[in-house]
């Protein structure tokens, strides 16, 4: 068994190496046709050290950042060949390839970055955060009540942009001696102003149901995924009614740890294809596209797991179910929205049609939803959260100017210290 395991590991390493070399070769070709950025072009950087598998964390910020760049030019800083290659194909914002620290230092020398955004807690963030005289701002990749949202790593940043009062209350329970009034800036959910776009089907009188499960997680405390426990059953029921349209949007990492999740995911995709073949007018959707927005706006009902998708949907102000994890060790923070969420247990998945009908005719559920929308995001009137986002950045820019004036006589600082590079 040991020999077989080693052989499989060796094969995987070899395949990964060949893939990495191919990616770097393709990236070199793309970069050979690019002109360097003119010095002094950008004031805001978005630092992204992850590979392409986690680009979903960055994609949700594309539209808000494009809008922001009309006032303050924005550049994405990519450290990974696979992410950089994908970003060159899809990003609506300029992207700089800074794989090595020396590349990063050259960009910092040439571009007057006053603010650097971070969408995750990658350990390589600290290779950027070592540079002072600029604000390092954590903007995260979603709002949720998962344990990830209360990490003490928040303290590493100069500021954090958070959704609203619920986020501050959540952090205040865990982070001691932290100046939330100054460091945690409430902006709502700017992405919600961009929940729009053409739908890939012809709208009709079918009720549209978005099922957007998360992946299975890499440990019991984060075992929130529902594809195996809920997904196959509820999708089967909805496909059979003839009055519903299913949008199935699984997490891109579904099945990477547990083969049963991968199999269930493929089963749902197959069921959707079969339903469409039987009735082309149904136009059920398997959605694995990079853009998230139209799905949240189009769906009459959403079914989501404990993940940022709960709060992406909540920001739309439209009804949703949250699947209850079967694993008893899965951690659930019931002090916030999840305390009064519309829960869907695994044994209720087969009865999803009647559950949907009951929810859509429940005025008390509607009132609860309105309360939590305001608690998490404040005023969600279209355009309001974008204005708050821009006001927050304007405030940080003013604060930067104030500090720059205070330290105008400090002289230059050599920040180019040796840094041990990580393999990539």
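None of the figures in this text is laboratory data; all of them are computed from the coordinates on show. Fair warning: this is a prediction, and the values are worked out from it, not measured in the lab. Cβ placement follows ideal geometry from the backbone for every residue including glycine, while neighbour counts extend to all protein chains displayed.
The table below gives the values:
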| read-out | value |
| --- | --- |
| Per residue, the convex hull volume that the Cα atoms of the range 283-424 enclose (Å³) | 236 |
| Cα Rg, Dmax (largest Cα-Cα span) when computed across the range 74-130, Å | 11.1, 30 |
| log10 of Debye I(q)/I(0), alpha-carbon scatterers only, for the chain at 0.06, 0.07, 0.09 Å⁻¹ | -0.28, -0.38, -0.62 |
| Calculated P(r) tail over 15 Å for the range 284-353, as whole % of Cα pairs | 58 |
| Candidates 157, 376, 118: whichever shows maximal mean-square fluctuation once the chain is modelled as a Gaussian network with Cα springs under 10 Å | 157 |
| For the range 38-83: rounded, prolate or oblate by the Cα gyration tensor [a/c cutoff 1.5] | oblate |
| Reduced Cα scattering model of the range 207-377, Debye log10 I(q)/I(0), q = 0.15, 0.17, 0.20 Å⁻¹ | -0.80, -1.05, -1.47 |
| Cα-only Debye scattering, the range 71-194: base-10 log of I(q)/I(0) at q = 0.09, 0.17 Å⁻¹ | -0.29, -0.99 |
| Quotient of C-alpha Rg and 2.2 N^0.38 Å, computed over the range 221-262 | 1.31 |
| Choice from 220, 252, 319 showing the highest fluctuation, given a GNM over the chain with Cα pairs closer than 10 Å | 220 |
| Square roots of five times the Cα gyration tensor eigenvalues for the range 170-285, Å | 35, 22, 10 |
| 222 nm mean residue ellipticity, helices alone, for the chain (DSSP H n ≥ 4; -39,500 (n - 2.57); rounded to 500) | -12000 deg cm²/dmol |
| Highest average packing first - 60-70, 161-171, 85-95, 278-288, Cβ atoms within 10 Å | 161-171, 60-70, 85-95, 278-288 |
| Taking 389, 37, 339 and counting other C-beta atoms within 10 Å, the order from fewest to most | 339, 37, 389 |
| When the range 46-113 is reduced to its Cα atoms, the Kirkwood hydrodynamic radius in Å | 12.2 |
| For peptides 293-303, 237-247, sequence by mean Cβ density within 10 Å, most packed first | 293-303, 237-247 |
